[in-house]
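The values are calculated or read from the model by the stated rules, or taken from the named source; none is laboratory data. Computed from a predicted structure; not experimentally measured. No Cβ is skipped: glycine too gets one built from the backbone with ideal geometry, and neighbour counts run over all protein chains shown. Each accessible area value is taken on the protein alone, full model and side chains, heavy atoms only, with ligands, DNA and RNA left out. Shrake-Rupley method; radii C 1.70, N 1.55, O 1.52, S 1.80 Å.
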Amino acid sequence: MLLTRMRLARRLREACVPPPPAPYTVDAWCVAIGEARRRDLRVYDMRLDAELPPGLLVRRDRADSILVDAALPALARTQTVLHEVAHIVLGHDGDALHDDIDPVVEAEAELAADLLCQQLTRAASGVEPAWLATRWPARMPGWWADRRSDWRLLQLWMTLRDGLPDVAIVTTSTATPVPVEIRSRRQRYRTVIEVHEALRVLRPWCNAQVYASAAKRARRHLLDPAAVTAVAEAATVAVALRRRHTSLPPGPGDSPLSSDVPDPHDVRAEASRLARMACALHDSPLVAAEIARWVPVVAPVDAASLRKKIVGGMPVISLPAVARQGRSPSAV
């Protein structure tokens, strides 16, 4: 992988990609790339269905357009736009009007997008790397918190991957991931991006009523605002996984999930936010209570198949009799 990154970095330098200009946003960089290529390049935000890719490249005679899902959080939006930019600067053929998708080409574009995002982040943070700006003793108290956050983030990644086995998430490799892949902090960015890809696939099954109910329950227990958001998002994701697993039809697709980290370069803050959601998803009794309230009734199955029906470490079971009488699946 290291040699692949080095070769790809050389190809990006040979493509004469201009450095990111101020104010160091991906939109401003696309304008600069278009001017350097003497071919207009613009980014347009629009609502794209979850069945479509999060970003689409449309090539025209004298200009290129990148259509990006307006519902994406800032970090995922930057990665999506740079993925399409990578297709352009690396000379890949095809656009949104062609259905041919080469996994090797997509993996190369995704890895190139990672490299471009690193370049954009370095430009936005200044010449001096962030790890040099902070002295080692000052970083020590947060070291264990970062490692714990990375582990929780990995738990969420594995839960979503196991809950969505039929979904192909764009990665930087064409190899099949191993059952448990131990990731380091160097892979934090890639894990965050793949988590957002999976959450976007779940968007049609996410329900605002579940979010509101879980948030209300968390506030009744006097949790702080960050914990309330984590519980509400975790409950929404858990119920959405169960609904999709039981083949229930998707809803309107107005997902209540959204990133509260506006800075597209702050990977650490976004990883911490997702780690809080992962902690609530796996450990919070409030989330378990919301699952018991909202999950639909499932037909009885034999023990062998029941062991296979696992979502987030919890088997698919029927609702209690009280919940079954009080609410029908159509109410969700």
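Solvent-accessible area per residue for segment 206-284 at a 1.4 Å probe radius, Å²?
Ligands and nucleic acids excluded, the figure is 44 Å² per residue.
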- Message: Please give me the summed charge of the neighbours of P20: other residues whose Cβ is under 12 Å from its Cβ, Lys and Arg +1, Asp and Glu -1.
- Response: 0
- Message: Just to be sure I understand the model, the point goes 7 Å from the Cα along the line to the Cβ. What's the resulting T246 to A226 distance in nm?
- Response: 3.4 nm
- Task: Report the net charge of residues surrounding M6, where surrounding means a beta-carbon distance below 15 angstrom and charges are Lys +1, Arg +1, Asp -1, Glu -1.
- Result: +2
- With a Förster distance of 30 angstrom and the Cβ-Cβ distance between A32 and I101, calculated FRET efficiency to the nearest 0.05 equals 0.60
